[in-house]
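Okay, so here's the structure we're looking at.
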Amino acid sequence: MIVVTGEFRMPVAALAQAREAMERVIAASRAEDGCLSYTYAHDVLEPGLIRVSEAWRDRAALSAHFERPHMKRWQEERAALGLTGRRIELHEVSASEPL
């Protein structure tokens, strides 16, 4: 399993418009083959900070994700909306268990 975590920042003034774009990309991503979870979360204490959490069946599914039309559109939209501070990390997970 591949887990992707990270964060990015959106100008507070652009959050309403960014929310619409994020809702579209989340819904389309969750429908992809190999997507186990896909979430953006607004940090409660830091306005404009968005936390990213994704899980994918394997690297092939994640690689295919980046080639999808909705991801190409999201790359353009987020740049136009003023996204900054993007820090995303990939983690290969061999096992997991409930805590």
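The values are calculated or read from the model by the stated rules, or taken from the named source; none is laboratory data. It should be emphasised that the depicted structure is a prediction, and the values quoted were computed from it without experimental measurement. No Cβ is skipped: glycine too gets one built from the backbone with ideal geometry, and neighbour counts run over all protein chains shown.
Within region 27-53, which residues are surrounded by 12 or more Cβ atoms within 10 Å (Cβ to Cβ), within 20 Å of Thr84 (Cβ to Cβ) and either at pLDDT below 95 or among the β-branched types (Val, Ile, Thr) (or both)?
Correct list: Ile50, Val52.
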Practice task
Residues being more than 13 Å from the chain's Cα centre (by Cα) and not in a helix (DSSP H, G or I): count how many of those fall in region 68-93.
Solution key: 7
Handout entry: Any hit, region 3-13, residues being β-branched (Val, Ile, Thr), touching a His at 6+ places or on another chain (Cβ under 6 Å) and not in a helix (DSSP H, G or I)
Key = yes
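Quick check on my filter: what residues within region 25-58 are assigned to a helix (DSSP H, G or I), out of contact with any strand residue (DSSP E or B) (no Cβ under 6 Å at 6 or more places or on another chain) and not small (Gly, Ala, Ser)? It would help to see each step written out before you state the result.
Step one: filter region 25-58 for residues assigned to a helix (DSSP H, G or I), giving 25-30.
Of the ones still in play, those that are also out of contact with any strand residue (DSSP E or B) (no Cβ under 6 Å at 6 or more places or on another chain) are 25, 27-28.
Of everything in region 25-58, just one residue is assigned to a helix (DSSP H, G or I), out of contact with any strand residue (DSSP E or B) (no Cβ under 6 Å at 6 or more places or on another chain) and not small (Gly, Ala, Ser), namely Val25.
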Problem - Lone unmet requirement of (1) over 15 Å from the mean Cα position of the chain (by Cα); (2) within 13 Å of Gly6 (Cβ to Cβ); (3) of a type in the set (S, T, N, Q) for Ser53 - result: (1)
Fill in the blank from the handout: Every listed condition ((1) without any contact (Cβ under 8 Å) to a residue 40 or more places away in the chain; (2) aromatic (Phe, Trp, Tyr); (3) surrounded by 15 or more Cβ atoms within 10 Å (Cβ to Cβ)) holds for Trp74 save (1)
Completion exercise
Reported set for region 59-90 where residues are among the hydrophobic types (A, V, I, L, M, F, W, C) and touching a strand residue (DSSP E or B) at 6+ places or on another chain (Cβ under 8 Å) is Ala61, Leu62, Leu83, Ile88, Leu90
